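The values are calculated or read from the model by the stated rules, or taken from the named source; none is laboratory data. If you're wondering where the values come from, they're calculated on a predicted model, not measured in any experiment. Reconstructed Cβ throughout: ideal geometry from the backbone, glycine too, with neighbour counts over all protein chains shown.
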Amino acid sequence: MVAISVRNLDKTFGRNKALKNVSVELDEKEMVALIGASGSGKSTLIRHIAGLVVSDKGRGEINVFGTAIQKDGTLAKGVRKHRREIGVVFQQFNLVGRLTVLTNVLMGVLGVAPSWRTLLGIFTNEEKQKAMNALGRVGIASHAAQRSSNLSGGQQQRAAIARTIVQGAKLILADEPIASLDPASSRKVMDNLAHVNREDGVTVLVSLHQVDYAIKYCPRTIAMREGEVVFDGPSHRLTPEFLQEIYGADSIELLSPEEQRRKAESKRADQPAQPAADGDLVLAYAAR
């Protein structure tokens, strides 16, 4: 079954064309990376699929699991109901800092529980147990009673993933979830997304800034540049040389710090040695 279908999507902000005739399709249970340099349109595309932004009038159509999210610049009727199937993990974590981690995760039931009950913070024992199980799956159950503002960035992102588990999302849209994290925290967040994809059969589209994570975790990658899809295929093809072909000088943004250092060292090694100055030759001869 097709999980995401995007057809001929255009989006303009003022004079800037953020998306240009974008068409992509994801099958159910896929885990796909979305990469691109800054300003390539990744976040804009994710927000459209989530139904948070509408396309230009008369342009574009988005369906999720066969149900229309928007068409021709207008949200579909009943889209709020269908958003229950879509969990979004934002770069900024989007947790309420003064609330406990458990309460933040319990917000995943907002789409199905009566609004009056969730607004009053009244949750059933079954919902609380479900939230604790989700926190256990992402490895932070011991922090359930803490204020979410006391968590590290990586722990907050894992809480956001736990919230999508409680929500029962069939699709997770992760918008640069590891952009501000250290490598160890980044790996834990990506491991959790991969486990949810594998164990629960949840479709995952994750926007990434470093291509090495796309290669490690996602069999398929969609690459964007200046609002257009410029590559859609196996992640293993994303060699530094291939990225250079696609992005030119901007490709350096997509490499990990380790890969950037390797490229710099390789470039220095390939440069011909500079001839010694006359003074250097005299000093070298005198030292013999």
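Residue under question is residue 98, and the condition is that it be of a type in the set (Lys, Arg), in contact with a His (Cβ under 9 Å, 6 or more places away or on another chain) and over 17 Å from residue 4 (Cα atoms); does it hold?
Criteria not met by residue 98.
Of everything in segment 11-23 that's closer than 11 Å to residue 228 by Cβ and within 21 Å of the chain's Cα centre (by Cα), which residue is surrounded by the most Cβ atoms within 10 Å (Cβ to Cβ)?
Checking each candidate, the answer is 19.
Filter segment 98-122 down to residues that are at pLDDT 90 or above and farther than 23 Å from residue 203 by Cβ and give me whichever is surrounded by the most Cβ atoms within 10 Å (Cβ to Cβ).
Only one residue fits best here, namely 101.
Just to be sure I understand the filter: pairs with C-beta atoms under 8 Å, separated by 6 or more residues or on different chains, first member in segment 244-262 and modelled with pLDDT of 85 or more, second member among the acidic types (Asp, Glu) and part of a helix (DSSP H, G or I). Which pairs pass?
247/253
Given the conditions (1) more than 23 Å from the chain's Cα centre (by Cα); (2) of a type in the set (Asp, Glu); (3) closer than 25 Å to residue 201 by Cβ, which single one is not true for residue 72?
(3) is the only condition that residue 72 fails.
Please work out if residue 239 is within 25 Å of residue 85 (Cα to Cα), among the hydroxyl-bearing types (Ser, Thr, Tyr) and either modelled with pLDDT under 95 or touching a strand residue (DSSP E or B) at 6+ places or on another chain (Cβ under 6 Å) (or both). Please lay out each step first, then the result.
Numbers: within 25 Å of residue 85 (Cα to Cα): no; among the hydroxyl-bearing types (Ser, Thr, Tyr): yes; either modelled with pLDDT under 95 or touching a strand residue (DSSP E or B) at 6+ places or on another chain (Cβ under 6 Å) (or both): yes.
So residue 239 fails the test.
Please name all residue pairs, on different chains or six or more residues apart, with Cβ atoms under 8 Å, provided the first residue is in segment 83-95 and is touching a residue at least 24 places away in the same chain (Cβ under 8 Å) and the second residue is of a type in the set (Phe, Trp, Tyr) and part of a loop (DSSP other than H, G, I, E, B).
From segment 83-95, the pairs are 85/65.
Does segment 38-61 contain at least one residue that is more than 13 Å from the chain's Cα centre (by Cα), hydroxyl-bearing (Ser, Thr, Tyr) and surrounded by 15 or more Cβ atoms within 10 Å (Cβ to Cβ)?
Checked segment 38-61: at least one residue is more than 13 Å from the chain's Cα centre (by Cα), hydroxyl-bearing (Ser, Thr, Tyr) and surrounded by 15 or more Cβ atoms within 10 Å (Cβ to Cβ).
Evaluate the following for residue 178: is it touching a residue at least 24 places away in the same chain (Cβ under 8 Å), part of a helix (DSSP H, G or I) and crowded, with 19+ Cβ neighbours inside 10 Å?
In short, no.
Can you find a residue that is over 20 Å from residue 89 (Cβ atoms) and of a type in the set (Val, Ile, Thr) anywhere in segment 233-250?
Yes, segment 233-250 has at least one match.
Restricting attention to segment 144-157, report how many residues are in contact with a Ser or Thr (Cβ under 9 Å, 6 or more places away or on another chain) and not in a loop (DSSP other than H, G, I, E, B).
Total satisfying the criteria: 7.
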